[in-house]
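This report refers to the structure that appears directly beneath it.
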Amino acid sequence: MEMSQRFLTNALSCAIAAASISAPTAIPAADHSGPSSDISTPRYLDGSDGSDWPGYGRTFGEQHYSPLAQIDRANVRRLGLAWSLDLGPENSVTQPIAVGGVLYFATGYSVVHAVDASSGKLLWRYDPKAAEKAGLNLRQGWGSRGIAWWNGKIYTGTQDGRLIAIDAKTGVPVWSVQTFDKDTAAYISGAPRVFDGKVIIGFASDSGKNRGYVTTYDSETGRQLWRFFTVPGDPADGYENPSMQMAAKTWAGKWWKYGGGGTVWNAMAYDVETGSVYIGTGGGYPMNRRVRSNDEGDNLFLASIVALDARTGAYKWHYQLNPGDTWDYDATMDIELADLTIAGHPRKVLMQAPKNGFYYVIDRINGQLISAQPIVKVTWASRIDMETGRPVENPGVRYPNGSTTSLIWPGGGAHSWMPMAYSPKTRLTYIPVLDAGSTFSDKGIDLTHWQAPTDRSVEGDKGYEAAVRGVGDSDGGPKVEAALLAWNPRTQKSAWKVRLDTIANGGVVATGGDLIFQGTVDGVFKAYSALTGERLWSFPAQAPLLAAPISYAVNGLQYVTVLTGLGTGNGIMAVWFEKYGVDPRSQARRVLTFSLDGKAQLPPANHTMPPAVEDPNYRADDRTAAVGEDLYVQHCATCHGYSVVSGTHAPDLRRSAIPLSTDAFDGVVRKGGFVSNGMPAFAEFTNVQLYELRQYIRMEAAKLRSSLNAKDVQHRNVP
């Protein structure tokens, strides 16, 4: 999306540019000597030298900022590919980490790699076999988005709910713990966070009964230290602590029958100064408050930022962004810590740009709201009341008559999991934003007798999906737009804004060279001026980019690394990606590493889409195909794309021969022939359902063949 660009004065820009024209200086090697207890913490401090990037946000403060300045605005045009590494068929949306000259990252379902950061040589690879062990939970989740390092170990979470510690030198597992019951409809996609010899992890869940929590383990042994639940359980069972008793007063009905939700699937940060861990919680389950809480109460701690004592897990304070949330406005986007001077006074703050479209600056000592302003079009609320900290909701946004009368902005979320970055040098935040509207409806749903799915084979039961429907852009509605936004958290105003022609764009990193790096789904990796938003450099990556880049140093040389590829969750957006010619089979999933004057070259790009398969035995049957479409939308669209248009992780089934064969389709879909590749087994499907599903897929393939043939005839008739 876009950016209204506000430029600094020419004099200031010229002065900064002149000061940075000198030849790049070598970066001194970091001194990480000392006892083991001192090895890890210095790397995670916001003031560290930046030679390493040990955790998801680099430091405890999660700023996604590197102070390295060898690559700067004056010489970034010299940036070239130092090396690349092909990854194979696994999706790759993970932000890597780098420690001691070794690059670590995960692909697919938490397959962890260690690579020599200066040469790209693979040192080891560890596959936890998460896809095979996930069972029914393979039907939800998007693979690994991040890992962490602490005291010589790599920590990763898996699709089946394990937290695994791996020896960073050998790739051999040290310990493993199961973080949630295997019968829970859940998975882990977010990065673990580490601090003070502890590792903390949450989990995600897109359907099914769940009650959110985070758990902290001893980093050396895996022993559980403490757990904090984010929503209250059944009062008859008692409350784990006073905060749960307090939260229960904000719920109504028998919410515990549905679990409540509030999972912590992404955002966490650690504050060294206050000894606090901050967690961002998700929305409720079910999403519709009329179902889960009789349409009553704030439903703590949904859609909230909660501060916990890092030693004990005890509740300190909370700030709820969306009381009684009913739009899936999670508070799970990255939380970033900073020290800001606001109105002439120094403040220790945390900052978040969540789904609901506002940018929040909160006092991290006491949870007091300092300011909140919209960063995209917002119609669900007119403002945030500064006295109460609560949003002032606009009439009708809770669809009291069953559905909204117009689009609600933002729709799918103004900012998703792709991380923003804060530069303490420019004092600006850089956010990948999405501007879109949605409609919501629960018409036709028996809300009184709605039941949470008890059969986990039904991963998206229709009652759940329809309890709140988000319909994105309606036909003829406003266009979905995306942008890289530079935002001033002190003034709550835009500094500049670069409109992008693509959506679902990658996370960002800010550097001490006054640069912002970001990839986009059209396959271009870019560097912008952190001061003005001017694009200074770009590289054709030959594949979409969603993962956030990092910057680190080895032997005095600064590197920038990013992974290419798309995660499975973007299958639902494949209709927008189709124009870029992204094919899951030929998609170039790679590690790309850049340095000044890098000379490496990528092989020629392969953007040839596989042809639509010939299907001489196909006979149209619209009635059967319509039933198959319902099955497809419910079970398949998230990965394979709506209308069977896939451009992400899962194959485009219109171009596959498997749906043509009854036996082959049964072997993959019902018998689980491709489970190791991430394709779940649907053992509950009947022969009739398999036929109906095949009929719909073959119908869409026929439409594709017809379209391609028409284009071919048109091309041949052009003089």
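The values are calculated or read from the model by the stated rules, or taken from the named source; none is laboratory data. Keep in mind it's a predicted model, so treat the numbers as computed, not measured. For neighbour counting, all protein chains shown are included, and Cβ atoms are generated from backbone atoms with ideal geometry for every residue, glycine included.
Things to note:
- Residues in the range 525-547 that are at pLDDT 95 or above and within 20 Å of the chain's Cα centre (by Cα) were compared, and the one that is nearest to Q601 (Cα to Cα) is F525.
- Pairs are defined by a Cβ separation below 7 Å, a sequence spacing of at least 6 or placement on different chains, a first member in the range 525-552 that is more than 21 Å from S118 (Cα to Cα), and a second member that is surrounded by fewer than 24 Cβ atoms within 10 Å (Cβ to Cβ) and among the acidic types (D, E); the pairs so defined are Y528/E534; S529/D514; A530/D514; L531/D514.
- Scan of the range 177-205 for residues that are within 15 Å of E62 (Cβ to Cβ), assigned to a strand (DSSP E or B) and not aliphatic (A, V, I, L, M), ordered by number: R193, F195
- Test: residue in the range 564-572 that is at pLDDT 90 or above, under 27 Å from H64 (Cα atoms), crowded, with 24+ Cβ neighbours inside 10 Å and in contact with a Leu (Cβ under 7 Å, 6 or more places away or on another chain): yes
Residue-wise test of (1) hydrophobic (A, V, I, L, M, F, W, C); (2) surrounded by 24 or more Cβ atoms within 10 Å (Cβ to Cβ); (3) modelled with pLDDT of 95 or more.
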| position | (1), (2), (3) |
| --- | --- |
| P242 | no, no, yes |
| M246 | yes, no, yes |
| N288 | no, yes, no |
| S304 | no, yes, yes |
| P323 | no, no, yes |
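- When residues of the range 362-421 are limited to those that are closer than 30 Å to I445 by Cα, modelled with pLDDT of 95 or more and among the hydrophobic types (A, V, I, L, M, F, W, C), the one surrounded by the fewest Cβ atoms within 10 Å (Cβ to Cβ): V392
- So V349, is it assigned to a loop (DSSP other than H, G, I, E, B), in contact (Cβ under 8 Å) with a residue 24 or more places away in the chain and not polar (S, T, N, Q): no
- Any chance G512 is at pLDDT 95 or above, surrounded by 24 or more Cβ atoms within 10 Å (Cβ to Cβ) and on the phi < 0 side of the Ramachandran plot: no
- The set of residues from the range 126-174 being among the basic types (K, R), more than 19 Å from S40 (Cβ to Cβ) and part of a loop (DSSP other than H, G, I, E, B) comprises K129, R145.
- Residue check, R670 at pLDDT 85 or above and more than 24 Å from E132 (Cα to Cα): no
- Taking the range 80-134 as the range and being hydroxyl-bearing (S, T, Y), modelled with pLDDT under 95 and farther than 24 Å from G598 by Cα as the test, the residues that pass are T107, Y109, S110.
- Checking each residue in the range 305-326 for being among the β-branched types (V, I, T) and within 14 Å of G389 (Cα to Cα) picks out only I305.
- Residue check, K209 farther than 26 Å from A117 by Cα, of a type outside the set (V, I, T) and at pLDDT 95 or above: no
- Near pairs, Cβ below 7 angstrom, 6+ apart or cross-chain, from the range 282-310 (among the hydroxyl-bearing types (S, T, Y)) to any residue that is not in a loop (DSSP other than H, G, I, E, B): Y285/G260; Y285/G261; Y285/R292; S293/W255; S304/H318; S304/Y319; S304/Q320
- Selected residue (only one of G253, G261 is within 26 Å of K355 (Cβ to Cβ) and surrounded by fewer than 24 Cβ atoms within 10 Å (Cβ to Cβ)): G253
- Within the range 325-345, restricting attention to residues that are without any contact (Cβ under 8 Å) to a residue 40 or more places away in the chain and part of a loop (DSSP other than H, G, I, E, B), the residue that is surrounded by the fewest Cβ atoms within 10 Å (Cβ to Cβ) is G344.
- Residues located in the range 153-170, provided they are surrounded by 17 or more Cβ atoms within 10 Å (Cβ to Cβ), of a type outside the set (F, W, Y) and in contact (Cβ under 8 Å) with a residue 40 or more places away in the chain: K153, I154, T156, G157, T158, Q159, G161, L163, I164, A165, I166, A168
- Pairs where the first residue, in the range 598-625, is at pLDDT 90 or above and surrounded by fewer than 14 Cβ atoms within 10 Å (Cβ to Cβ) and the second is of a type outside the set (D, E, K, R) and assigned to a helix (DSSP H, G or I), C-beta under 7 Å, 6+ apart: A620/M699
Residues checked against (1) surrounded by fewer than 17 Cβ atoms within 10 Å (Cβ to Cβ); (2) in contact with a strand residue (DSSP E or B) (Cβ under 7 Å, 6 or more places away or on another chain); (3) in contact (Cβ under 8 Å) with a residue 60 or more places away in the chain:
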{"residue": "L85", "(1), (2), (3)": "no, yes, yes"}
{"residue": "G88", "(1), (2), (3)": "yes, no, yes"}
{"residue": "Y104", "(1), (2), (3)": "no, yes, yes"}
{"residue": "W124", "(1), (2), (3)": "no, yes, no"}
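- Filtered residues of the range 503-523 (kept if part of a strand (DSSP E or B) and touching a residue at least 60 places away in the same chain (Cβ under 8 Å)): V508, V509, A510, T511, L515, I516, Q518
- Just one residue in the set A664, A701 is without any contact (Cβ under 8 Å) to a residue 40 or more places away in the chain and not in a loop (DSSP other than H, G, I, E, B); that residue is A664.
- Any chance G233 is within 28 Å of the chain's Cα centre (by Cα) and either at pLDDT 95 or above or among the polar types (S, T, N, Q) (or both): yes
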